[in-house]
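Right, one structure below, let's go through it.
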Amino acid sequence: MMGYITRGKTFDDFIIDDEIFTAARTITEADVVNFAGLSGDFNPLHTDAELGKKSGFGERIAHGALVSAVATGQVNQLGIFEGTTIAVAQVTTKYSGAVRFGDTVNTIIKCIDKKESKKPDRGVATFQVTVFNQHGQVVQEGEWIIILSRKL
């Protein structure tokens with residue numbers, strides 16, 4: 001019997017400028033409540049309906065870090081990093097737009113740079129990560145620098 005084989009892509013498999021699209025996911029009030037409880041971030045902009053109405057957004061919005069976590073999950077559900085990621089070296093995120101309860105987000109990840117490592121069993125890849133809402137508006141963008149195993 002054969003054991004489970006991971007689906008991850010190695011450093012060598014990623015091609016510069018290739019884009020990979022995730023499935024979409026709707027952000028719910030339950031997501032925000034659960035994230036507030038998990039993170040301890042009960043900022044009223046996310047948890048107080050009355051304050052949300054008076055804010056510049058006109059309603060409560062999701063935590064930016066929640067949307068980042070969802071994007072990470074969306075990408076990981078693709079399996080492209082499964083069993084091949086050695087480490088995440090750096091993550092940068094720019095919050096470009098608010099995500100409201102009921103918004104549906106999807107993520108596009110694009111390999112934009114690859115560098116050889118001093119160690120022959122790995123390489124460093126940089127990915128542009130962009131999160132869109134259901135209207136095609138960018139709500140987050142940033143970069144992930146990931147150390148990946150190589151084909152030997």
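Selection within the stretch 34-50: residues that are surrounded by 14 or more Cβ atoms within 10 Å (Cβ to Cβ) and among the hydrophobic types (A, V, I, L, M, F, W, C). The member of this set that is farthest from Trp144 (Cα to Cα) is Leu45.
Scan the stretch 4-25 and tell me whether some residue there is surrounded by fewer than 16 Cβ atoms within 10 Å (Cβ to Cβ), of a type outside the set (Phe, Trp, Tyr) and over 30 Å from Ser149 (Cα atoms). No, because not a single residue in the stretch 4-25 is surrounded by fewer than 16 Cβ atoms within 10 Å (Cβ to Cβ), of a type outside the set (Phe, Trp, Tyr) and over 30 Å from Ser149 (Cα atoms).
Here Thr26 passes the criteria (1) in contact with a strand residue (DSSP E or B) (Cβ under 7 Å, 6 or more places away or on another chain); (2) more than 27 Å from Gly79 (Cβ to Cβ); (3) not hydrophobic (A, V, I, L, M, F, W, C) except the one numbered (2). Going by what's in this entry, would Asp103 be described as out of contact with any helix residue (DSSP H, G or I) (no Cβ under 7 Å at 6 or more places or on another chain) and over 26 Å from Ala36 (Cα atoms)? No. When the stretch 99-130 is filtered for residues that are surrounded by 17 or more Cβ atoms within 10 Å (Cβ to Cβ), closer than 30 Å to Glu59 by Cα and among the hydroxyl-bearing types (Ser, Thr, Tyr), the ones remaining, listed by number, are Thr107, Thr130. Residues in the stretch 1-44 that are more than 18 Å from the chain's Cα centre (by Cα), under 30 Å from Ser117 (Cα atoms) and of a type in the set (A, V, I, L, M, F, W, C): Ile5, Phe11, Ile15, Ile16. Selection of the stretch 131-140 for residues being surrounded by fewer than 18 Cβ atoms within 10 Å (Cβ to Cβ) and on the phi < 0 side of the Ramachandran plot yields Gln134, His135, Gln137, Val138. Filtering Leu45, Leu38, Leu51, Leu66 for residues that are in contact (Cβ under 8 Å) with a residue 24 or more places away in the chain, assigned to a helix (DSSP H, G or I) and farther than 15 Å from Thr22 by Cβ leaves a single hit, Leu66.
Within the stretch 9-33, residues that are more than 29 Å from Val99 (Cα to Cα) have Cβ atoms under 7 Å from residues that are of a type in the set (Val, Ile, Thr) and at pLDDT 95 or above in these pairs: Lys9/Ile80; Lys9/Thr84; Thr10/Thr84; Ile16/Ile112, counting only partners at least 6 apart in sequence or on another chain.
Could you tell me which residue of the stretch 51-79 is nearest to Phe127 (Cα to Cα), considering only residues that are within 13 Å of the chain's Cα centre (by Cα), hydrophobic (A, V, I, L, M, F, W, C) and buried (at least 17 other Cβ atoms within 10 Å of the Cβ)? Across the stretch 51-79, the extreme among qualifying residues is Val75.
Among the residues making up the stretch 81-132, those that are over 18 Å from the mean Cα position of the chain (by Cα), part of a strand (DSSP E or B) and free of Cβ contacts under 8 Å to residues at least 24 places away in the same chain are Lys115, Glu116.
The values are calculated or read from the model by the stated rules, or taken from the named source; none is laboratory data. Quick caveat: nothing in here was measured; it's all calculated off a predicted structure. Positions of Cβ are backbone-derived with ideal geometry, glycine not excepted, and every protein chain shown enters the neighbour counts.
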